[in-house]
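Written out below as structure tokens is the structure these notes cover.
What follows draws every value from the coordinates through simple rules; no lab data is involved. This is a predicted model, so every value here is computed, not measured. Neighbour counts run over all protein chains shown; Cβ positions are idealised from the backbone, glycine included.
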Amino acid sequence: MQCQRYIYLGGLVAIGLQVWQLTQLPFYPGSSGYASCFIGWAALNIALLLGGVYWLETLLARWLRLRRAVTEDGGAVPSLSAAGPGRLGSRRRLSLPWD
């Protein structure tokens, strides 16, 4: 799918630019407290970028599966009220301990 390529490409470009930036710094991680914190936060940013790319890919995959399931069922969106009592479509009110 075309969207998956863009997600992977965007993530790889962002991570590649981050790593390239870390190789071009005029200081080393042990040169000062600021430098070590900067390198630590940059590494955390790379981890967050990887997590974000994974999250976007799973959202896209779920959307594609749902779209395929809806079109196979004839294009009608399934009703939540048909789920029955105690399920997602139940109209019964949730009872909380302080009610």
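Place a point 7 Å from Cα of R67 in the direction of its Cβ. Which residues in segment 1-39 have their backbone N less than 11 Å from it?
The answer is 1-4, whose backbone nitrogens lie closer than 11 Å to the label point.
When only Cα pairs under 8 Å and 6 or more residues apart are kept, what is the percent relative contact order across segment 2-73?
40 percent
Could you calculate the contour length gain from L22 to L9, that is, 0.36 nm times the residue separation minus the distance between their Cα atoms, to one decimal place in nm?
Length gained, L22 through L9: 2.7 nm.
Projected area of segment 2-73, taken from the Cα convex hull and averaged over every viewing direction, in nm²?
Averaged projected hull area, Cα only: 5.1 nm².
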